[in-house]
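> One structure follows; several queries about it will come next.
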Amino acid sequence: MLTAAQCGALGLDPSLLFARLPEPKKTALAVSGGGDSLALMLLYAAWCQDLARKPEAIIYTVDHGLRPAAADEAKLVASHAESLGFRLRILRWTGDKPSSRLQERAREARYRLMADAMGGDGAEVLVTAHHLDDQAETVLMRMAHGSGIKGLGGMRPLEQANGIMLARPLLGVSRHQLAGIVALAGWSAVDDPSNADRRYERVRWRQAMAELSELAGEQRLAPRRKPRAGG
C-alpha cells in the first residue's frame, strides 16, 4: 500500500484529489485492471489511511466475457483490492454480445451492472478513473460531432448520469502520472488490446491526440518571426 507522502512525491496529493468527494454511507470504485483505475484504487487507499473515520468502500470490476483472459484479469483486480483491504465484487456481462458498436454497448452494460450492484450494496457514489487525457479525447469527439457549448465543457467532476451519482476526481491528472503511481506500487496493469484497435472511434482520437501533442511541441520550439518594420 502506498502512503500519501509517496503519492505526493509524484505530484499527486490524495487529500486534494478526493476533497470534493461526497460523504455517502458507502462508496463504490470502478476498477477495470487498467493502469488508470489501479492508480485510482491506490490513491483512494492512501487517502483513507489519514482519515479519522474510514469511509466504507467497495470495488466493482466487470468481466465483459469478450476475451479469454478477462476472467483471470478480474481475479488479479480482486487480489490487488484484497491487499489494500477493500471488498470486491466481480460483475459479469452474460448473454449474447452485440456485433456492432461493441465498445458503446459494453460501456452501457458496465454502468447498468454497477448501478444494479450499488442498489443492492447500498453504495451511493461511483468513483471512476477518468483523467485529463480522457477529458481531452471527449472534448475532441464532441467537437467533431457538432456538440454545443455544454457538450464542449467535457465531463464533470461530479454529476448524475446513467442512473447513478458519478465522481471523477482525476480529471486534472494525466495518464502518465497515473502510470507512475502503479509503477511505484510495483503492480502490472492489464493491457486490453481493444485500446489500440482503430475500429473504435475513441482509439482513433487517442492516437490523433498524440499527433496533436507532437505538433504543439513543434510550434512551441519553432523560432518566432520578428515583425517587419512599419508592419
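The values are calculated or read from the model by the stated rules, or taken from the named source; none is laboratory data. This is a predicted model, so every value here is computed, not measured. When we count neighbours, we look across all protein chains shown, and the Cβ atoms used for this are built from the backbone with ideal geometry, even at glycine. Heavy atoms of the whole protein, side chains included, go into the accessibility calculation; ligands, DNA and RNA do not. Shrake-Rupley method; radii C 1.70, N 1.55, O 1.52, S 1.80 Å.
> I want to confirm something. Restricting to region 7-22 and keeping residues that are of a type outside the set (Phe, Trp, Tyr) and touching a Pro at 6+ places or on another chain (Cβ under 7 Å), which single residue is surrounded by the most Cβ atoms within 10 Å (Cβ to Cβ)?
Just the residues of region 7-22 that are of a type outside the set (Phe, Trp, Tyr), to begin with: 7-17, 19-22.
Those still in the list that are touching a Pro at 6+ places or on another chain (Cβ under 7 Å) too: 7, 17, 20-21.
On the way: Cys7: 25, Leu17: 20, Arg20: 10, Leu21: 17.
Per the stated criteria, the residue is Cys7.
> Regarding Gly148, is this residue modelled with pLDDT of 65 or more, open to solvent by 40 Å² or more (accessible area, probe 1.4 Å) and either among the aromatic types (Phe, Trp, Tyr) or more than 25 Å from Ala4 (Cβ to Cβ) (or both)? Lay out the reasoning, then the answer.
On the way: modelled with pLDDT of 65 or more: no; open to solvent by 40 Å² or more (accessible area, probe 1.4 Å): yes; either among the aromatic types (Phe, Trp, Tyr) or more than 25 Å from Ala4 (Cβ to Cβ) (or both): yes.
The answer is no for Gly148.
> Leu76: surrounded by 14 or more Cβ atoms within 10 Å (Cβ to Cβ) and within 23 Å of Asp134 (Cβ to Cβ), yes or no?
Against the criterion (surrounded by 14 or more Cβ atoms within 10 Å (Cβ to Cβ) and within 23 Å of Asp134 (Cβ to Cβ)), Leu76 qualifies.
> Still on this structure: Here is a check on your reading of the model: is Glu124 of a type in the set (D, E, K, R), free of Cβ contacts under 8 Å to residues at least 24 places away in the same chain and open to solvent by 50 Å² or more (accessible area, probe 1.4 Å)?
In short, no.
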